[in-house]
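The values are calculated or read from the model by the stated rules, or taken from the named source; none is laboratory data. Owing to the predicted nature of the structure, the values given are computational and were not obtained by experimental measurement. Neighbour counts run over all protein chains shown; Cβ positions are idealised from the backbone, glycine included.
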Amino acid sequence: MPTEPLEELSDRELQQRLNRAEKRVREIQASPAAEVRQAGKIEATLKAMDASIATITETQAELSRRASVEKNAAIRDAMETAPRFREMEKRRDRKQHPVSGAPFNYVRKRAHPELASVSLDATRLTREEGEELAAIVKRFRELFAGAEPDPADVTRYEELVGQWAGDVNLFKNRRREAEMEARMAEIREEERLEALPKRPVYAETGSVTLPRFAFSWLAESRDQAWTVADTGMLFAVLGMFENRQSLFANGTFSEEDGELVLTVPGGISEVRLLPGRNGNAVDSTGSGVVREREALRTLAANGWIDAQVEGTTLKIRLGEHAKKVRAGKEEVEATA
């Protein structure tokens with residue numbers, strides 16, 4: 001009678017097969033030798049014994065194999081599960097760590113550029129270090145507006161936050177790298193300018209020449225600190241003084257104590273460029289509009305002009321910055 005492959009039997013069926021074979025062996029061993037010889041069953045008995053022993057051996061081997069597979073599977077599951085448990089434990093520790101509350105929110109709001117592209121892991125700090133950082137942050141928050149924190153607190157804060165990010169010297173290293181990169185950028189720019197072709201300077205009466213740093217202001221401007229409109233107004237105002245011709249409606253030039261003064265009746269609110277000299281705010285075909293009053297305030301803030309209101313009259317003089325540039329001292333530092 002054909003039998004099923006052992007691999008297709010269930011564990012229960014294998015155990016039953018093993019039990020039957022072991023029972024058969026016990027029965028053969030218990031049979032009296034005389035009866036076996038008299039009945040002429042010696043050969044058949046030996047074959048039955050061998051078959052039963054073979055059945056026991058192969059069945060036990062299959063059961064052992066299955067037990068080994070189950071054991072290996074359990075080990076594999078444990079190995080796969082352990083990292084998840086360890087990560088869960090880390091997350092729990094992070095949530096319970098002293099830096100998980102106020103210190104984390106404080107650091108996040110400060111948006112330190114030194115922390116760009118790094119991750120904060122609370123497990124890098126001991127609880128004592130976390131409590132120390134929390135105490136420093138608390139002192140920072142209790143400072144009055146404009147008050148300077150204790151330098152020792154700042155140094156320790158940066159060390160602890162750096163360690164939180166994986167490098168106790170992170171702030172020092174990042175600042176040093178930024179300084180070196182800024183210096184290298186300056187050197188590269190100096191080399192680039194030095195390589196530019198030199199040109200002769202032709203100055204016609206009434207002409208205006210802006211120094212190179214006026215362009216640098218445009219190239220480096222952020223948040224509209226210095227715009228194309230401001231540059232255009234600068235050129236226009238300096239041109240007015242060089243040519244003693246006002247482009248502002250009702251504006252006139254005169255001398256006061258030997259100094260040229262542009263006078264505009266009505267004050268700053270009446271400062272308007274002559275018709276056709278400025279763009280139209282509602283005409284989309286033009287190149288744009290300069291807001292005269294705002295542009296003049298920017299020029300005044302950067303030392304190009306000195307604007308004073310006397311009564312109802314606005315008086316504009318050249319500022320210290322413009323005077324130095326006009327005198328050929330173009331090394332004046334930009335302040336835009």
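Restricting E179, E190, E204 to those that are among the acidic types (D, E), assigned to a helix (DSSP H, G or I) and more than 30 Å from R124 (Cβ to Cβ) reduces the list to E190.
Within region 214-230, if we keep just the residues that are part of a helix (DSSP H, G or I) and surrounded by fewer than 17 Cβ atoms within 10 Å (Cβ to Cβ), the residue that is modelled with the highest pLDDT turns out to be V228.
State yes or no: is V282 at pLDDT below 80, surrounded by 14 or more Cβ atoms within 10 Å (Cβ to Cβ) and not in a helix (DSSP H, G or I)? No. Of all residues in region 151-167, those being in a loop (DSSP other than H, G, I, E, B) and under 22 Å from G101 (Cβ atoms) number 2.
Exactly one residue among G146, G206, G162 is at pLDDT below 90 and within 19 Å of Y106 (Cβ to Cβ), and that residue is G146.
Being more than 23 Å from the chain's Cα centre (by Cα) and either in the same structural domain as D11 (by TED's automatic domain parsing) or at pLDDT 90 or above (or both): is that true of E80 here?
On the way: more than 23 Å from the chain's Cα centre (by Cα): yes; either in the same structural domain as D11 (by TED's automatic domain parsing) or at pLDDT 90 or above (or both): yes.
Considered against the rule, which asks whether it is more than 23 Å from the chain's Cα centre (by Cα) and either in the same structural domain as D11 (by TED's automatic domain parsing) or at pLDDT 90 or above (or both), E80 comes out as yes.
Filtering R272, R244 for residues that are farther than 21 Å from S221 by Cα, without any contact (Cβ under 8 Å) to a residue 40 or more places away in the chain and touching an Asp or Glu at 6+ places or on another chain (Cβ under 9 Å) leaves a single hit, R272. Residues in region 105-122: is at least one of a type in the set (D, E) and either touching a Gly at 6+ places or on another chain (Cβ under 8 Å) or modelled with pLDDT of 85 or more (or both)? The answer is yes; a qualifying residue exists. In region 126-150, which residues are in a loop (DSSP other than H, G, I, E, B) and not acidic (D, E)? T126, L143, F144, A145, G146, A147, P149, listed by residue number. Within region 54-73, restricting attention to residues that are closer than 17 Å to S10 by Cβ and among the aliphatic types (A, V, I, L, M), the residue that is surrounded by the most Cβ atoms within 10 Å (Cβ to Cβ) is L63.
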